[in-house]
1. Could you give the length gained by full extension between ARG102 and ASP48, i.e. 0.36 nm per residue of separation minus their alpha carbon distance, to one decimal place?
2. Work out how much length VAL162 to HIS58 would gain on full extension: take 0.36 nm times their residue separation and subtract the Cα-Cα distance, in nm to one decimal.
3. Of GLY133, GLY149, GLY59, which is the most mobile in a GNM of the chain whose springs link Cα atoms less than 10 angstrom apart?
4. Convert each backbone phi in segment 21-26 into a coupling constant with the Karplus relation 6.51 cos²θ - 1.76 cosθ + 1.60 (shift: θ = phi - 60°), then list the ³J(HN,Hα) values in order as whole Hz, x for Gly and Pro.
5. Pop out the ³J(HN,Hα) list for segment 120-130 in order, Karplus 6.51 cos²θ - 1.76 cosθ + 1.60 with θ = phi - 60°, rounded to Hz; leave Gly and Pro as x.
6. Along the charge dipole of segment 8-163, pointing to its positive end and built from +1/-1 on Cβ of Lys, Arg, Asp and Glu, which listed residue (ILE46, GLY149, PHE56) has its Cα farthest out?
7. Only Cα pairs within less than 10 Å get springs; with that Gaussian network setup on the chain, which residue of GLU115, GLU68, GLU155 has the largest fluctuation?
8. Once every DSSP H run of n ≥ 4 in the chain is given -39500 (n - 2.57) and the sum is divided by its residues, what mean residue ellipticity at 222 nm do you get, rounded to the nearest 500 deg cm²/dmol?
Amino acid sequence: MDQPKPYRELPTRLSHGCFGCGSENPHGLRMIFHTDEKSVFSEIVIPDHMVGWKNFAHGGILSTILDEIMGWSAIYLTKNLVLTKSIAVDFLRPVPVGTTLRAEGRISKVRSDREVAMEGFLLNSNGIVHARGKGVFALFKIDAAMKFGIADEKELRELERVFNL
Ligand SMILES: CCCCCCCC/C=C\CCCCCCCC(=O)SCCNC(=O)CCNC(=O)[C@H](O)C(C)(C)COP(=O)(O)OP(=O)(O)OC[C@H]1O[C@@H](n2cnc3c(N)ncnc32)[C@H](O)[C@@H]1OP(=O)(O)O
């Protein structure tokens with residue numbers, strides 16, 4: 001008999017042009033996400049055109065990956081929509097482009113019903129941490145997000161449905 005999978009994919013392939021996770025952005029990272037219910041993670045290979053110096057990935061790209069993994073982790077684990085308020089990144093070791101990496105995000109502290117502190121990690125295939133992020137995310141219920149007017153109702157209702165927000 002098949003064993004149940006220990007983790008599952010998050011339904012983030014909803015649209016769109018997002019540089020981090022959009023399936024239709026040919027220049028983006030096209031990240032997809034899995035969860036074990038305590039954290040959210042993503043396997044990623046940074047393409048050659050996102051290089052910084054020599055064959056090392058650009059630090060801005062590493063920051064984007066950490067923002068993205070912390071953002072989706074915050075959405076999934078807190079059941080809210082989010083906007084990034086701040087992020088801080090420690091670049092611990094250079095990250096070569098073209099290698100398989102794992103990004104991982106989890107909750108550091110729920111500060112209120114409007115704010116969560118998150119942490120994110122970028123590891124190589126041996127589990128060595130190459131970059132570490134801390135982020136603060138504003139949390140929005142669907143109705144508040146609607147008033148904010150930065151996403152249309154159809155998109156928000158779809159997110160509400162697939163993420164049980
Ligand atoms: C609206 C949500 C819609 C979300 C849709 C998300 C879809 C997600 C899908 C996939 C993403 C996953 C991947 C994520 C990774 C990448 C994420 C990014 O790159 S995000 C882009 C970079 N970040 C920004 O652009 C933030 C810019 N900053 C701001 O907009 C503000 O600083 C903000 C809202 C974060 C805090 O604003 P303040 O500090 O000025 O807050 P105060 O002055 O207290 O409030 C202003 C008004 O807003 C309401 N407000 C503020 N925070 C609220 C909250 N958490 N809930 C409800 N209302 C809130 C308040 O009640 C107030 O409303 P009154 O004027 O009184 O009517």
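Computed from the coordinates by the stated procedures, all read-outs in this text should not be read as laboratory data. In this text, all values refer to a predicted model and were calculated from it rather than measured experimentally. Methodologically, a virtual Cβ is constructed for each residue, glycine included, from the backbone with ideal geometry; neighbour enumeration extends over all protein chains shown.
1. Working: separation 54, 0.36 × 54 = 19.44 nm, distance 1.72 nm.
Here the answer is 17.7 nm.
2. Working: separation 104, 0.36 × 104 = 37.44 nm, distance 3.29 nm.
Taking VAL162 through HIS58 to full extension adds about 34.1 nm, to one decimal.
3. GLY149
4. For segment 21-26, the Karplus curve yields 10, x, 6, 9, 9, x Hz.
5. x, 9, 10, 10, 8, 6, 9, x, 7, 7, 9
6. In segment 8-163, that residue is PHE56.
7. GLU155
8. Working: 3 runs with 38 residues, N = 165.
Using -39500 (n - 2.57) per qualifying helix, the result is -7500 deg cm²/dmol.
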